[in-house]
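Right, one structure below, let's go through it.
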Amino acid sequence: MNRSTDVASEADPLSALRAATATRHAALDAGLPIGAPDASLHDYTAHLALLRTWLAPLHAWLAGFADGPPFEHATRLARIDADLAEAGHALSTTPAGTGTDAAAWPATASLAYRWGVHYVIEGSQLGGAVLYERLRERLAPHGLRYLKGDDAGPGPRWRVFMQALRAGVRTPGEIADACAGACAAFDRILELRVDPRTGAP
């Protein structure tokens, strides 16, 4: 009985994804000024610019596949653009990064690999909800549309995502591919990250 439980645990894609990305996730969280107690509107707009530089090519790349996780992400870019516009930032001020083109992502990536990338994109919205509660009064009257997300919050969408991921990523090989995709998504945003206060990575 214990052996069956252990095998089920090892075969759970979410557990594997969390374990595979834990170090990267911690490194990203530790290096984002938006998470600082004195985070400012400037920190928020820099955070949005980073996310846009990361997300836009990912969306373009994922849209090039006929199959894939059925999750729509265009509204997130729209919220980022609206927040940047409210703060007086044109999209041309979005910081450049290396390898941000959609072509930098593998054209023959497996479905499981793309599930892993989606895992990072979807998970980023969970952190956004926490930041929204922390910053909405500090940065008022800015709407913080991206952090707020849907009126229902990220919980319902995340639950649907978890169920779909578990149904779509099952075998050890698929789980390994998903972990590779998730790690690549984290590596890309870590590569792009620059502290707006110091200019350092």
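Spot the failing condition for ASP38; the list is (1) closer than 13 Å to ARG138 by Cα; (2) touching a residue at least 12 places away in the same chain (Cβ under 8 Å); (3) out of contact with any Phe, Trp or Tyr (no Cβ under 7 Å at 6 or more places or on another chain), and only one is missed.
Among (1) closer than 13 Å to ARG138 by Cα; (2) touching a residue at least 12 places away in the same chain (Cβ under 8 Å); (3) out of contact with any Phe, Trp or Tyr (no Cβ under 7 Å at 6 or more places or on another chain), ASP38 violates only (2).
Residues that are closer than 23 Å to ASP83 by Cα and in contact (Cβ under 8 Å) with a residue 60 or more places away in the chain: find the helices (runs of 4 or more DSSP H) completely inside region 103-194 holding 2 or more of those.
Fully inside region 103-194 and qualifying: 111-135, 145-148, 172-192.
Return yes when THR98 is among the polar types (S, T, N, Q) and at pLDDT below 85 and no when it is not.
yes
Let's see how each residue does on (1) closer than 21 Å to ASP177 by Cβ; (2) out of contact with any His (no Cβ under 8 Å at 6 or more places or on another chain):
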position	(1), (2)
ALA49	no, no
TRP54	yes, yes
GLY64	yes, yes
ALA74	no, no
LEU84	no, yes
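If you go through region 36-52 one residue at a time, do you hit one that is in contact with a helix residue (DSSP H, G or I) (Cβ under 8 Å, 6 or more places away or on another chain) and open to solvent by 60 Å² or more (accessible area, probe 1.4 Å)?
No: region 36-52 contains no residue that is in contact with a helix residue (DSSP H, G or I) (Cβ under 8 Å, 6 or more places away or on another chain) and open to solvent by 60 Å² or more (accessible area, probe 1.4 Å).
Considering (1) modelled with pLDDT of 85 or more; (2) part of a helix (DSSP H, G or I); (3) surrounded by fewer than 19 Cβ atoms within 10 Å (Cβ to Cβ), say which one LEU84 fails and leave the rest.
(3)
Go through (1) within 19 Å of PHE186 (Cα to Cα); (2) modelled with pLDDT under 90 for VAL117 and report which single condition fails.
(2)
For region 133-151, what are the residues that are under 18 Å from the mean Cα position of the chain (by Cα) and modelled with pLDDT of 90 or more?
So the first thing to find is which residues in region 133-151 are under 18 Å from the mean Cα position of the chain (by Cα), and the list is 144-150.
If the condition is that a residue be under 18 Å from the mean Cα position of the chain (by Cα) and modelled with pLDDT of 90 or more, then LEU144, ARG145, TYR146, LEU147 are the ones that fit.
Restricting the search to region 164-196, which residues are more than 18 Å from ARG24 (Cβ to Cβ) and within 18 Å of the chain's Cα centre (by Cα)?
Those that are more than 18 Å from ARG24 (Cβ to Cβ) and within 18 Å of the chain's Cα centre (by Cα): ALA164, LEU165.
For region 60-72, how many residues are buried (at least 17 other Cβ atoms within 10 Å of the Cβ) and without any contact (Cβ under 8 Å) to a residue 60 or more places away in the chain?
Total meeting the criteria: 2.
The values are calculated or read from the model by the stated rules, or taken from the named source; none is laboratory data. Treat the numbers as computed from the prediction; the structure is a model and nothing was measured. Positions of Cβ are generated from backbone atoms using ideal geometry, with glycine treated the same way; all protein chains shown enter the neighbour counts. These accessible areas exclude ligands, DNA and RNA; they are computed on the full protein's heavy atoms, side chains included. Shrake-Rupley method; radii C 1.70, N 1.55, O 1.52, S 1.80 Å.
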